[in-house]
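Working notes, beginning with the structure itself.
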Amino acid sequence: MDDHPGKSPDHLTINVTHRDDPVFEVTEADAFASARKYPNIVVRGPLFGIATQRRGERPRWRLMGELDTGFPQMARDELNSHLWFKAKDETEDRAERRSLLAAVARLETEPVNEVTADGVRYRIVRADEFARIGGGRLEPPRATDPDDDSWDLDAPESSRTKDFVVDHAAAVGLAEGIDRAGLLQLSYTADRFPYDVRADSQRALTTHPGVVLLPTTFRVVERKELSWSMVTGQHSTPQAARRALVDHLTRPMPQLPDLPDMPELPAWMKVDEKEQAIHDRAAKKFMARRRPNELLVRGRRFEVVRAERVMRIGPDGPERPRPSDTDDYGPSQIHPLMDEEGNITYGA
């Protein structure tokens, strides 16, 4: 039986298009070549962030930040602070401030995954992070991934995830359309995942049957004998991840102020000068190469890899955290009390 006669709902539509654009065609060819070379997927786990939906934007949602936290409560706390400062600094309207503070009050006491404030829906959303693998290695950056060549370690990093519009029916290229079709049945099946995690993952295939790929990010990993460990967080370009690796090698400790009577650092916090010199030389050689993706230093192998994220979509939009998604702590009051006039009570 056809459950959706006529036009399929947006959360089930994969709209594939083709553009007569040389860059588009090269990107598509690169994606197909990578799919052949790295045909399998390894799932790292869920990430959480915040999405918003304003009047007139349905069924689309917009990501408010990076979607890079490992626990739902961290995203709820981020939303708590966003709404509190919005009430403090961005309005003089009492009704609007009252609406914002009512949402803050809920976030202080309940592990809620959606609130509405001043007509805007705010939702805690989840996505699964994964990498592609083939021939025993994780996929490195592609030649067509947006990149730059700067080695300025202090340069601000732009975001490709913030303000990303989650629109399941938006037109995509053939390669992404095939990718999404292949990810429709992605779920946690390995025995290393607890039963409730596997059950929730299987249930999501029905409750949120659509998938959207978020902008690709890049990480530095250290390759071990049988696994990989994360060295850096997410970065929006391969070069930003390379800069983070150089920073990791050449700035192993934060710079401490030179204060009088400052106690000597304990031995375990001191940097071995010979070891640091080796790291500095390795970093210098790494930076002399153009867009390098591997570095071997003192028997340790660092790799820059692509990290992809897939978000499940249901009739009402992006998936919220699942019951089996765990938190290390619960909701709490983060900021001082504020009334609808904007008066703040400290120490309460």
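The conditions are (1) touching a residue at least 24 places away in the same chain (Cβ under 8 Å); (2) open to solvent by 10 Å² or more (accessible area, probe 1.4 Å), and Leu79 fails exactly one of them. Which is it?
Leu79 satisfies all of (1) touching a residue at least 24 places away in the same chain (Cβ under 8 Å); (2) open to solvent by 10 Å² or more (accessible area, probe 1.4 Å) except (2).
Please state which of the following conditions Tyr195 fails to meet, knowing it meets all the rest: (1) over 21 Å from the mean Cα position of the chain (by Cα); (2) under 25 Å from Gly135 (Cα atoms).
For Tyr195, the exception is condition (2).
Determine which single condition Glu66 fails, assuming it passes every other condition in (1) in a loop (DSSP other than H, G, I, E, B); (2) modelled with pLDDT of 95 or more; (3) open to solvent by 60 Å² or more (accessible area, probe 1.4 Å).
So the condition that Glu66 fails would be (2).
When only residues in segment 116-161 that are crowded, with 17+ Cβ neighbours inside 10 Å and without any contact (Cβ under 8 Å) to a residue 60 or more places away in the chain count, which is farthest from Trp84 (Cα to Cα)?
Result: Asp118.
Could you list all residues from segment 26-61 that are crowded, with 16+ Cβ neighbours inside 10 Å, at pLDDT below 95 and touching a Gly at 6+ places or on another chain (Cβ under 8 Å)?
If the condition is that a residue be crowded, with 16+ Cβ neighbours inside 10 Å, at pLDDT below 95 and touching a Gly at 6+ places or on another chain (Cβ under 8 Å), then Pro59 is the only one that fits.
Report yes if Phe71 is open to solvent by 60 Å² or more (accessible area, probe 1.4 Å), farther than 28 Å from Arg312 by Cβ and within 24 Å of the chain's Cα centre (by Cα), otherwise no.
no
Can you tell me how many residues within segment 316-348 are open to solvent by less than 80 Å² (accessible area, probe 1.4 Å) and more than 31 Å from the chain's Cα centre (by Cα)?
7
Kindly provide the set of residues from segment 149-184 that are closer than 30 Å to Arg251 by Cα and among the basic types (Lys, Arg), ordered by number.
Passing the criteria: Arg160, Lys162.
Starting from segment 222-240, take each residue that is part of a loop (DSSP other than H, G, I, E, B) and list its partners that are open to solvent by 60 Å² or more (accessible area, probe 1.4 Å) and polar (S, T, N, Q), counting only C-beta distances under 7 angstrom and pairs at least six apart or across chains.
Short answer, once both residue conditions are applied: Ser236/Ser158.
The values are calculated or read from the model by the stated rules, or taken from the named source; none is laboratory data. On a predicted model such as this, the values are computed, not experimentally measured, just so you know. Every residue, glycine among them, receives a Cβ derived from its backbone with ideal geometry; neighbour counts consider all protein chains shown. Protein only, heavy atoms only, side chains kept; ligands, DNA and RNA dropped before computing areas. Shrake-Rupley method; radii C 1.70, N 1.55, O 1.52, S 1.80 Å.
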